[in-house]
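The values are calculated or read from the model by the stated rules, or taken from the named source; none is laboratory data. Just so we're clear, the structure is a prediction, and the values are computed from it rather than from any experiment. Neighbour counts are summed over all protein chains in view; Cβ atoms, including those assigned to glycine, are modelled from backbone coordinates with ideal geometry. Areas reflect the complete protein model, heavy atoms only, side chains present, ligands, DNA and RNA absent. Shrake-Rupley method; radii C 1.70, N 1.55, O 1.52, S 1.80 Å.
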Amino acid sequence: MSENPAPQAQTADAETGTGETPAAAHPWSDLPAEQFSLLRLAPLPVDRETGPRPLRFVQLGRVERHARDTSLLRLTIQVPGQRLHRQTNLLEVWADHQRKEVRFGPDKGLSVEPANRGLGRFLMAQGIAWARKQYAHYQVEGGALPTKDNFNEAARARRDHALKAQGFTIEYSDPLQLKPFYSAPRVSSLHGDWHAEKVQIVELLDAAAMLQQADQTLQEQDVKLRKLEDRLERLKREDSGLRFTITCLVAFSLFQAGLLIWIATR
């Protein structure tokens, strides 16, 4: 993954050979988004690894649930014109009120598309802000990070930098740095900020103003285009008249020349 700034949630221990059936999915595991916001991804210089990074708009979906023992915040990002895996652009924050602990997910780690646009930091910041607001005294459940990004040094460096910027500690249990682990003491030690110049939340009125401005600009351009088309048609008519006049003058000149030659020869 080119961008993986969120920690992988710690998975439950699996006992092999016991014949136990896998645990049933949590009733909240497939909740659809209920609140939506528009995000503006600012245009950035072309990146050598991830390619062009033009201006884009994506949709942020949000849903949260609260129960006696558990609370959940789920954030999703939809990219227009792209069909992504259901685990892509998904961040979950689970709060266990019995253990006073917060867990970040999904279990397979946060995969973000488009990559290297600041979306990973943004999602983590939103999740941290939600957890700090209500459960700042809870502990953070640490765990192992996905290792497939370690084969790309630049992606691994981006991920580690993003996590450290959010307040997480990254440790490697091997000298080759192939087994990373993240941790944090408490939710209050995490930081809920992101690169606001890269990812901006567009409010409803701002989005309407942008659409109104774009429509006004299109109308102005349409008026200018019609004026240019009218001028072009007028120039074409004038050009046709000039061509006809020149043709008549050439024909008259040839007639006059012929007439003079005839008079001279007589």
What distance in nm lies between label points placed 7 Å from Cα along the C-beta direction at residue 78 and residue 25? 1.9 nm
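Can you classify the stretch 207-265 as rounded, prolate or oblate using the Cα gyration tensor, where a ≥ b ≥ c are the square roots of its eigenvalues, rounded means a/c under 1.5, and otherwise it's prolate if a/b beats b/c and oblate if not?
Prolate.
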Label-point gap, in nm, between residue 254 and residue 188 - each point 7 angstrom along Cα→Cβ: 10.1 nm
Does anyone have the angle between helix 153-165 and the longest principal axis of the chain? Alpha-carbon axes, 0 to 90°, nearest 10? 60 degrees
Cα centroid of the stretch 123-137 to Cα centroid of the stretch 207-260, whole Å: 63 Å
On a straight-distance basis, which aspartates and glutamates could pair with residue 224 in a cross-link, Cα separation under 19 angstrom, same-chain partners fewer than 8 positions away excluded? 215, 233
Work out from phi, with θ = phi - 60° and the Karplus expression 6.51 cos²θ - 1.76 cosθ + 1.60, the ³J(HN,Hα) of each residue of the stretch 252-265, listed in order in whole Hz, and give x for Gly and Pro. 5, 5, 5, 5, 4, 5, x, 5, 5, 5, 5, 5, 5, 6
Could you tell me the ratio Rg/Rh of the stretch 34-99? Both radii from Cα atoms, Rh via Kirkwood. 1.12
Which of rounded, prolate, oblate describes the chain, given a ≥ b ≥ c as roots of the alpha-carbon gyration tensor eigenvalues and a/c under 1.5 marking rounded, otherwise prolate only if a/b is larger than b/c? prolate
Measuring from centroid to centroid over Cα atoms, what is the spacing of the stretch 89-121 and the stretch 53-75 in Å? 10 Å
To the nearest 0.05, what FRET efficiency results for residue 203 and residue 65 with a Förster distance of 22 Å applied to their C-beta separation? 0.30
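Accessible area, 1.4 Å probe, largest first: how do 234, 65, 266, 243 sort?
From most exposed to least exposed: 266, 243, 234, 65.
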Label points 7 Å out from Cα along the Cβ direction at residue 235 and residue 164: separation in nm? 6.0 nm
